[in-house]
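Engineer: Would you mind keeping the following structure in view while I ask a few things?
What follows is calculated from the coordinates using simple rules that are stated; it is not laboratory data. Since this is a predicted model, take the numbers as computed values, not measurements. Here the Cβ is made from the backbone with ideal geometry for all residues, glycine too, and neighbour counts use every protein chain on show.
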Amino acid sequence: MPIPDLKPFLLLTLLCASPPLAADELQAVMDLARAGAHGLALQEMDARQPAFSADPSGWIRWEQERLYILELRRDWAGIAERVRQAPAEIPESLARDFVTRRAEAELELGRIEAARQRLRRSLWEAAAPPSVRQRWRRLLIRGYLQAGAIGDARAAMLRYQQDYADTSPEWYLLGAKVLLRAGQPGRALELLEGVEQAQVRPYRWLARLQSTPDSAGALAEEVDRVLAQAQDDMAPLQRARLWAVRARADAVREARAGQVAALEAGLGQGASIDPTLFELSGEALWGAYLAWGEQLGNAEQLLIGQDQRWYFAATESMEQQPRRARALFAVLALQGQTAEHRSLAHDYLARLVLAEPGGGHLLYALYLDSSRFPDIADIPAPVRYLLVDLALDRQDLETASALMQDLAAPAQDQQFAWQLRRARVQVLNGRIAAGVALLEQLLADQANWQNDAHDRFLQVVFDLQRLKEHEQAIALLARIDPTRLALQGQRELLFWLGESYAALDQHRRAAAHFLRSAILADPYAMDPWAQTARYHAARALAAAGLQGDAASLLKGLLKATRDTNRREVLRHELQQLEASAGEGNSPP
């Protein structure tokens with residue numbers, strides 16, 4: 001198990017240790033968000049944001065940052081609801097901004113008519129500046145596009161061009177989308193010529209490819225250069241669009257291997273892109289697999305119906321050429337002569353897909369976003385088992401439950417994984433008692449657990465902890481036999497017990513478990529795990545009223561720690577302990 005990430009926790013410690021100035025307080029909360037703890041930051045905002053009636057300007061500053069975090073989370077429903085509840089007394093400029101944000105959120109949620117009505121009403125009623133009215137009209141055009149009303153979008157685009165001399169990249173991009181959807185790639189290419197912003201490139205290349213298909217080879221080389229030079233911080237959405245264009249270029253040239261590689265890379269980004277312009281879907285990948293697989297089969301003189309020969313050709317490629325193997329297995333999975341052969345090929349294909357970067361996104365696309373499997377019951381059982389795990393990891397409980405519905409238990413050697421899946425589905429759906437009962441059944445057989453069984457079992461215990469079912473978590477953790485764990489596994493077990501005791505305000509017990517986790521290997525240990533456990537022990541000791549012991553642990557950590565940020569937190573903790581001790585010793 002990994003060492004717990006302390007960064008958000010340490011930031012929260014500093015935030016809670018003393019009452020900072022309002023601006024510093026907001027900055028500290030935003031630091032939590034920047035550390036990746038978006039949910040924690042929003043909870044802190046709920047507790048700390050001033051009321052509008054008491055501090056209007058303060059409320060506005062906090063609200064703008066809140067909406068920024070919600071955008072990072074792509075929580076469009078949260079944005080729409082938050083803006084809807086805004087006080088009526090907010091300044092007009094902010095009210096107009098909220099109209100924009102709500103319309104954008106509604107478009108993202110597919111509430112197209114609601115967004116269009118809001119925008120039309122605002123354009124009619126509001127005396128908004130030209131820049132705001134331009135943005136609202138661009139959103140209206142976007143709404144027409146989303147609704148498939150291409151004629152209306154084209155007419156609105158022409159009226160917009162008559163009213164504004166807009167040369168912004170946003171307008172060029174929207175105009176190009178309208179022209180591409182209207183079947184005018186040449187006009188779209190003219191519009192985008194010379195616009196060099198990165199987000200415009202995929203659309204310019206798409207227009208060029210549709211206008212002059214003979215340019216596919218040169219265009220593919222350009223895309224490759226951009227992808228090769230891309231920085232790690234390029235957004236997944238931008239990468240997905242680039243790979244989609246690359247796949248289209250290969251499709252035009254009938255370069256099937258490249259098309260498969262590009263589609264896999266694009267889908268692996270896990271980004272949702274406009275399906276009306278970019279062919280990046282599970283359906284497209286199945287088509288590319290089949291086209292390339294049949295091409296490979298012809299080269300090796302494999303005939304449809306010769307399942308054994310296809311199977312051997314695929315398995316021989318698995319180690320050195322896994323993408324080739326996937327294409328061959330795809331043919332066998334869809335065109336094999338028996339249900340058993342097809343199921344086996346699907347199993348191989350799914351496991352090969354999962355081994356790739358972004359493999360979970362690929363598997364979702366292939367089996368849950370394809371007309372080849374209109375119902376979940378049509379997905380082969382071996383793939384459904386894998387998809388259940390993916391859905392649970394994503395907290396996609398609706399999909400996980402649907403995948404488990406009427407799914408037969410697997411072979412005996414896979415019973416542990418099956419029971420664990422069932423337990424997770426029960427726990428995450430709020431049926432705690434049923435989930436715990438399944439986990440207890442597994443614990444009764446832990447003498448026969450294999451390999452990573454303990455780690456996988458702990459994942460469900462962590463689900464219980466996240467749901468604040470700490471008494472249940474403690475009961476299960478206490479039944480794990482530590483003698484069957486390696487030393488590090490025993491340290492982890494003690495740590496997770498400490499976390500649940502701390503959550504139940506049993507701070508002395510929590511401190512004892514954290515400290516035992518730190519010193520189990522060596523009473524003087526100061527490895528990263530030991531430092532983390534000692535810090536948690538110090539916090540628990542302080543909460544239990546044992547400030548002297550807590551200070552002793554913190555001083556030891558201060559001597560061992562070289563990280564500047566951690567040292568700052570430790571010093572601050574010590575100061576707070578000393579101040580607390582001083583208050584306790586002061587005369588009445």
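Engineer: Projecting each Cα onto the charge dipole of the chain (Lys/Arg +1, Asp/Glu -1 at the beta carbon, about the Cα centre), which of 408, 245, 139 comes out farthest on the positive side?
Structural biologist: Sorting the options by dipole projection puts first 139.
Engineer: Find the relative contact order for the range 281-406 and round it to a whole percent, using C-alpha pairs within less than 8 Å whose residues are 6+ positions apart.
Structural biologist: On the way: 140 pairs, mean separation 29.6, N = 126.
The normalised contact order for the range 281-406 reaches 23 percent.
Engineer: Rounded to the nearest 20 Debye, what is the dipole magnitude of the range 92-166 about its Cα centre when Lys and Arg each give +1 and Asp and Glu each give -1 at the C-beta?
Structural biologist: 80 debye
Engineer: Between residue 434 and residue 375, 0.36 nm times their residue separation minus their Cα-Cα distance comes to what? Don't skip to the end; give the middle numbers.
Structural biologist: Working: separation 59, 0.36 × 59 = 21.24 nm, distance 2.75 nm.
That works out to 18.5 nm of additional length.
Engineer: If Lys and Arg each add +1 and Asp and Glu each add -1, what is the summed charge of the other residues whose beta carbon sits under 12 Å from the beta carbon of residue 355? Walk me through the intermediate numbers first.
Structural biologist: Details: positive: 323, 326, 351; negative: 264, 319, 356.
So the surrounding residues net to 0.
Engineer: Sticking with this one: How high is the relative contact order of the range 93-151, given as a whole-number percent (alpha carbon pairs under 8 Å, six or more residues apart)? If you can, show how the numbers build up before the last one.
Structural biologist: Numbers: 35 pairs, mean separation 21.3, N = 59.
Reported as a whole number, the value is 36 percent.
Engineer: Once the mean 1/r over all distinct Cα pairs of the chain is inverted, what Kirkwood radius in angstroms do you read off? Present the calculation step by step, with values, prior to reporting the outcome.
Structural biologist: Numbers: mean 1/r = 0.0352 Å⁻¹.
The answer is 28.4 Å.
Engineer: In whole angstrom, how long is each semi-axis of the equivalent ellipsoid of the range 435-576, when you take the square root of 5 times every eigenvalue of its Cα gyration tensor and sort them from largest down? Don't skip to the answer; put the middle values down first.
Structural biologist: On the way: eigenvalues 181, 56, 27 Å².
With the √(5λ) rule applied to the range 435-576, the semi-axes are 30, 17, 12 Å.
Engineer: What order do you get for 124, 243 when you list them from fewest to most C-beta neighbours inside 10 Å?
Structural biologist: 124, 243
Engineer: I'd like the distance separating the alpha-carbon centroids of the range 232-258 and the range 284-342, in whole Å.
Structural biologist: The range 232-258 and the range 284-342 have Cα centres spaced 23 Å from each other.
Engineer: Additional query: For the chain, what does -39500 (n - 2.57) per DSSP helix run (n ≥ 4), summed and divided by total residues, give at 222 nm, in deg cm²/dmol to the nearest 500?
Structural biologist: Values: 31 runs with 421 residues, N = 588.
Rounded to the nearest 500, it is -23000 deg cm²/dmol.
Engineer: Mind putting a number on the dipole of the chain about its Cα centre? Charges go on the C-beta only, +1 for Lys and Arg and -1 for Asp and Glu, and I need it in Debye to the nearest 20. Could the numbers behind the result be given before it?
Structural biologist: Working: 67 positive and 75 negative charges, 175 e Å.
Rounded to the nearest 20 debye, it is 840 debye.
Engineer: Further question: Ranking 559, 468, 177 by Cβ neighbours within 10 Å, fewest first, what do you get?
Structural biologist: Details: 559 9, 468 12, 177 21.
Lowest to highest Cβ neighbour count: 559, 468, 177.
Engineer: How much length is gained if the chain between residue 24 and residue 406 is pulled fully straight, taking 0.36 nm per residue apart and subtracting their Cα-Cα distance, in nm to one decimal?
Structural biologist: Values: separation 382, 0.36 × 382 = 137.52 nm, distance 5.42 nm.
So the chain would gain 132.1 nm between residue 24 and residue 406.
Engineer: Viscosity 1.002 mPa s, temperature 20 °C: Stokes-Einstein D of the range 370-505 from its Kirkwood Cα radius, in µm² per second? Numbers along the way, then the final one.
Structural biologist: Values: Rh = 15.8 Å.
In µm²/s, the coefficient rounds to 136.
Engineer: Given the Cα-Cα distance of residue 417 and residue 72 and 0.36 nm per residue of separation, how much length would full extension add, in nm? All intermediate terms of the calculation are to be shown ahead of the outcome.
Structural biologist: Numbers: separation 345, 0.36 × 345 = 124.20 nm, distance 3.41 nm.
Extra length available between residue 417 and residue 72 comes to 120.8 nm.
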